[in-house]
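What follows draws every value from the coordinates through simple rules; no lab data is involved. Because the structure is a prediction, the values reported are computed rather than measured. Cβ coordinates were reconstructed from backbone atoms using ideal geometry, including for glycine residues, and neighbour counts include every protein chain displayed.
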Amino acid sequence: MTPDSPVRRAPAAAPSPAGRARARWAAALVVALVSVIGIGGGTAHAETTGMVLDQQFVENLGSGFDGPVSAITPLEDGGYLMGGAFSGYRGTPVGGIARLDADLQLDEQFNHDLGAGIVGQARQIVPMPDGGYLVVGTIFGFHGQWGTGHGILRLRPDLSLDTAFMDALGWYPFGPFATVRTALVEPDGAIVLGGEFTEFQGTPVGRLVRLTADLELDAAFAAATGTGFDGAVRAVLPAPEGGYLIAGSFGTYQGERAPRLALLDAGLQLSTPVPDDLAAVLDDPDAAVSALAPTGDGGYVAGGYWTEADGTPGRGLMRLDARLHRDTAWETWLGAGIQNSAIPPST
């Protein structure tokens with residue numbers, strides 16, 4: 001693409017099996033966060049709200065990880081890929097990424113093949129069509145070798161480092177010590193990346209970029225986003241008609257008010273302002289929206305940290321419709337919500 005060419009994005013293709021991924025992601029966000037972090041008020045509270053804590057999940061998890069979990073990817077077989085700032089799972093050393101089966105048992109072969117794994121902290125893990133994985137985060141290296149990951153790396157199906165991918169990106173493509181927080185792989189092989197970076201290979205960007213399948217900067221996308229966001233981008237989802245829903249700890253997009261959420265159209269312009277009642281909550285400088293999942297009916301579930309208008313801590317999860325209006329009935333059903341927020345801004 002040239003800077004003057006129109007910005008286009010192919011409609012998102014449904015993963016196999018078709019039609020299940022959106023509902024599974026929504027369920028994974030709620031179930032995994034609720035199960036790992038807990039519901040306020042415990043079992044008695046769950047009985048009055050209908051949100052039931054998955055006790056079997058908790059029992060299977062056992063002592064769990066020895067550090068924070070910052071990436072949860074549900075798998076089609078019912079298992080999970082977990083990433084974060086941890087080095088052990090239930091007493092077994094792991095390399096910053098762990099594959100668990102549906103019963104939360106560690107995949108020993110995966111763990112063996114990964115070896116020492118990530119130097120840093122994985123924040124999102126995306127399974128690739130060839131069986132490999134795209135990993136983004138605060139990543140400085142792999143297998144103990146510093147300088148082999150610069151916020152992003154790609155693993156082959158055998159969990160070895162895809163050196164051709166790394167060579168194509170070059171040295172520190174997002175600048176030294178940059179964090180890439182989210183990745184969206186599109187049907188044409190392009191990758192949309194968001195995080196805490198303001199450059200790609202020396203070109204200024206606004207914390208959101210699109211790389212072509214050849215890992216070159218999409219110049220038209222960069223021109224359309226312009227100055228981009230004034231704070232970190234933490235989550236990206238495809239939105240209807242070729243746009244995106246963006247979440248993070250930002251307050252503006254291209255200088256326009258966009259408190260923690262931005263719904264962009266296919267031309268990468270703000271298409272829907274955050275409703276005033278939600279904006280009043282998310283305008284707090286300490287607020288952040290750190291996770292998004294589609295609900296399957298055109299809406300979204302968002303996780304993060306915020307304080308309600310009356311000064312009480314937010315529930316950590318909220319449900320939004322396609323125009324970003326809050327589903328207050330769902331939040332009442334949720335009850336006290338996630339203890340200490342779903343994902344604090346500092347993580």
Exercise. Across the Cα atoms of the stretch 230-316, what radius of gyration and what greatest pairwise Cα-Cα distance (Dmax) are found, in Å?
Worked result: 12.4, 38
Exercise. Taking the Cα-to-Cβ direction at W171 and at R156 and moving 7 Å from each Cα, how far apart do the two end points lie in nm?
Worked result: 2.5 nm
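Just subtract the alpha-carbon distance of D77 and A223 from 0.36 nm times their residue separation and send over the number in nm, one decimal.
Stretched out fully, the D77 to A223 stretch lengthens by 48.5 nm.
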Seminar exercise, completed: Note, the stretch 308-313: 3J(HN,Hα) by Karplus (6.51, -1.76, 1.60, θ = phi - 60°), whole Hz, Gly/Pro = x, goes 5, 4, 8, x, 7, x
Exercise. Between Rg and the Kirkwood Rh of the stretch 177-264, both from Cα atoms, what is the Rg to Rh ratio?
Worked result: 0.93
Seminar exercise, completed: Packing-ranked peptide list from 90-98, 127-135, highest mean Cβ count within 10 angstrom first, is 90-98, 127-135
Seminar exercise, completed: Taking only C-alpha positions in the stretch 191-347, Rg and Dmax in angstrom work out to 15.4, 49
Exercise. Summing +1 for each Lys or Arg and -1 for each Asp or Glu, what net charge is found among the other residues whose Cβ lies under 12 Å from the Cβ of T198?
Worked result: -2
Seminar exercise, completed: The extension gain from D230 to D130, computed as 0.36 nm times the residue separation minus the Cα-Cα distance, is 32.5 nm
